[in-house]
1. Which residue pairs have Cβ atoms under 6 Å apart, sit 6 or more places apart or on different chains, and have a first residue in region 361-388 that is more than 24 Å from residue 332 (Cα to Cα) and free of Cβ contacts under 8 Å to residues at least 40 places away in the same chain and a second that is within 12 Å of ligand 7 (Cβ to nearest atom) and part of a loop (DSSP other than H, G, I, E, B)?
2. Residues in region 67-88: is at least one under 23 Å from residue 336 (Cβ atoms) and in contact (Cβ under 8 Å) with a residue 60 or more places away in the chain?
3. Take the residues in region 176-216 that are in contact with a strand residue (DSSP E or B) (Cβ under 6 Å, 6 or more places away or on another chain) and in a loop (DSSP other than H, G, I, E, B); name whichever of them is farthest from ligand 1 (Cβ to nearest atom).
4. Select from region 118-136 the residues that are under 18 Å from residue 331 (Cβ atoms) and either part of a loop (DSSP other than H, G, I, E, B) or touching a helix residue (DSSP H, G or I) at 6+ places or on another chain (Cβ under 7 Å) (or both) and list them in ascending order.
5. Quick test for you: out of 126, 145, 133, pick the one residue that is surrounded by 14 or more Cβ atoms within 10 Å (Cβ to Cβ), farther than 30 Å from residue 264 by Cα and away from ligand 5 (no atom under 16 Å from the Cβ).
6. Inspect all residues belonging to region 39-60 and state whether any of them is crowded, with 18+ Cβ neighbours inside 10 Å, touching a strand residue (DSSP E or B) at 6+ places or on another chain (Cβ under 7 Å) and under 30 Å from residue 182 (Cβ atoms).
7. Can we say residue 353 is surrounded by fewer than 20 Cβ atoms within 10 Å (Cβ to Cβ), at pLDDT 95 or above, away from ligand 4 (no atom under 16 Å from the Cβ) and under 20 Å from residue 239 (Cα atoms)?
8. Quick check on region 239-258: of everything there that is in contact with a helix residue (DSSP H, G or I) (Cβ under 6 Å, 6 or more places away or on another chain) and buried (at least 21 other Cβ atoms within 10 Å of the Cβ), which residue is nearest to residue 343 (Cα to Cα)?
Ligand code: HEC
Ligand code: HEC
Ligand code: HEC
Ligand code: HEC
Ligand code: HEC
Ligand code: HEC
Ligand code: HEC
Ligand code: HEC
């Protein structure tokens, strides 16, 4: 009897040991497509101190933060709000996001997997809600399969490994351990393509037997054609993800899906990195990584319009900026702006209505002209732009 108890204690102790030893976390990882090894951003810091320092001042470097049972101090949400998670509620693992749109909370399951749980904090509304499955049970998502490739660096979907949390140097520069060891022999890789950013700034799932992965897995640096290989992008007909014009996004992280619908995507050499500085920033989500103030940025190519905004749009720049009409924040309670660059006309709000005749989609004008109906705005639009 006594022996059995001791054995049970020893067994359970070793199980606890095994469970924590098997906990998913950063470690050695290789690119699943090329077999090249990752080194991690701390390794790059030694020789690229300037880029490292700039990068640390972008949200890319601060998305995933550790929490623990009894300790939610790395959460950004206001935990005094009704419905907030309790510090002792789960074996907490990591808090995700919380900078501008929402924060989510993960915990460990008994196999050491990171599970994205039910709590969702909506930042602009300062409000907590519970995510549930169709059958009413609490949402439980495997963080590795559902989120990892976009919120961690050096993810190997075949081996369930990654080199570090957050969007580190090698998220954009690719596996660089060989370069870091012998920079004179192996050159660092620069990838300024739109796809380099878009493999994360997209909503898409893999097809066929890789369907478990909620992100593109085949991307190889400087091979933009690999990004969409065997990928099922969110369809433009999905009502929760796009507005009824089947063009403009209605959910976050769809910048690429917006992008391909606009003419900027057809301009040779114009990519995400033309307007966004991938390193430099501030922790201000909105304009954190813009290369210049939008007026100067748009003006570098649309000089004539910026020189005479009133002629272009009927508004002085101080009253309505290029971004207020062309990157309206139509997504997720106004937290994310549109990347089709369309100044959405009021005629779309008139065309797409529900059974009661209420508009099912916003337009660029209504955010400021809040007292005007869509019909009033449509009339005003025609005065300025002389079109339907
Ligand atoms: C031991 C020093 C050292 C380490 C560590 C190191 N690099 Fe480099 N890296 C260099 C040198 C030297 C160059 C070439 C000179 C230059 O342009 O700065 C370079 C150049 C680069 C370039 C530019 C290539 C180009 O064509 O302009 C990139 C990108 C780069 N490194 C990325 C990384 C990343 C990512 C890491 C971390 C995984 C890293 N480096 C670690 C020394 C290093
Ligand atoms: C979000 C993507 C992204 C991340 C993260 C990123 N870079 Fe870059 N990096 C780029 C792009 C794109 C360029 C090409 C130049 C440009 O557009 O400014 C570049 C250029 C460079 C260069 C060439 C010299 C220069 O500054 O233009 C070096 C060196 C470099 N990066 C190192 C790093 C290191 C080290 C880190 C991590 C501390 C890092 N990068 C993080 C995308 C990124
Ligand atoms: C590995 C995935 C990944 C890659 C690659 C990536 N991003 Fe991001 N990006 C994210 C995630 C995730 C966030 C949200 C982070 C948060 O809110 O904590 C984000 C946020 C941003 C933001 C808003 C935050 C800020 O600091 O202003 C900008 C702008 C941005 N990304 C641009 C880019 C550009 C440009 C590139 C390519 C040069 C790029 N991203 C590459 C995943 C990625
Ligand atoms: C295909 C890549 C991708 C996948 C998969 C993905 N995300 Fe993201 N996520 C992003 C990007 C890019 C952003 C920032 C851009 C934006 O908000 O438009 C973001 C933003 C967020 C934010 C808002 C951050 C803030 O600071 O407000 C949260 C929270 C988040 N993601 C949680 C998750 C969770 C949880 C999962 C898995 C269940 C997940 N994401 C899966 C790419 C991804
Ligand atoms: C022609 C310039 C331009 C290009 C190209 C561009 N962006 Fe942006 N982006 C902007 C501007 C301007 C803002 C700020 C909008 C605002 O004030 O709300 C922005 C904001 C963002 C934000 C965060 C904040 C927000 O308001 O949504 C993300 C994330 C982002 N861009 C990602 C991307 C990605 C990914 C690409 C490539 C597919 C891209 N951008 C291409 C101009 C550009
Ligand atoms: C690097 C140059 C460059 C920058 C920077 C740039 N644009 Fe453009 N933009 C172009 C070119 C070139 C076209 C024309 C494409 C065509 O006609 O096929 C264009 C087209 C457009 C269109 C028509 C789009 C459509 O799909 O019909 C709009 C709107 C626009 N730009 C707005 C902006 C705004 C707003 C900014 C600043 C945030 C900006 N652009 C920054 C080069 C640029
Ligand atoms: C009050 C809203 C509004 C503002 C502010 C505004 N635009 Fe526009 N812009 C529009 C509309 C609407 C159209 C489409 C007109 C049409 O269909 O003929 C347009 C069209 C464009 C085009 C495409 C022109 C073409 O030949 O197809 C570009 C480029 C552009 N705008 C750039 C800018 C820039 C740069 C700024 C900042 C100085 C700016 N816009 C400010 C509403 C605006
Ligand atoms: C960023 C805010 C903003 C946006 C976006 C905006 N407007 Fe305005 N608009 C104003 C303000 C403020 C005035 C008041 C006049 C002034 O101060 O110059 C105004 C004035 C006007 C006027 C003249 C006065 C009136 O109300 O009849 C018209 C017409 C107009 N806007 C139409 C539009 C249309 C059409 C759009 C969309 C394509 C639009 N506006 C987008 C802020 C905005």
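The values are calculated or read from the model by the stated rules, or taken from the named source; none is laboratory data. Here the structure is a predicted model, which is why all the values come from computation and not from measurement. Methodologically, a virtual Cβ is constructed for each residue, glycine included, from the backbone with ideal geometry; neighbour enumeration extends over all protein chains shown.
1. 381/345
2. Step one: filter region 67-88 for residues under 23 Å from residue 336 (Cβ atoms), giving 75-78, 81.
From the residues that got through so far, the ones that are in contact (Cβ under 8 Å) with a residue 60 or more places away in the chain too are none.
No, region 67-88 contains no residue that is under 23 Å from residue 336 (Cβ atoms) and in contact (Cβ under 8 Å) with a residue 60 or more places away in the chain.
3. Here the answer is 207.
4. 123, 124, 125, listed by residue number.
5. Working: 126 fails: surrounded by 14 or more Cβ atoms within 10 Å (Cβ to Cβ); 133 fails: surrounded by 14 or more Cβ atoms within 10 Å (Cβ to Cβ).
None of the others qualify; the one that does is 145.
6. Yes.
7. Numbers: surrounded by fewer than 20 Cβ atoms within 10 Å (Cβ to Cβ): yes; at pLDDT 95 or above: yes; away from ligand 4 (no atom under 16 Å from the Cβ): yes; under 20 Å from residue 239 (Cα atoms): yes.
Taking the combined requirement at face value, the residue satisfies it.
8. Applying the first criterion (in contact with a helix residue (DSSP H, G or I) (Cβ under 6 Å, 6 or more places away or on another chain)) to region 239-258 yields 245, 249, 256.
Among the residues that remain, those that are also buried (at least 21 other Cβ atoms within 10 Å of the Cβ) are: 249, 256.
Details: 249: 13, 256: 18 Å.
The qualifying residue nearest to residue 343 (Cα to Cα) is 249.
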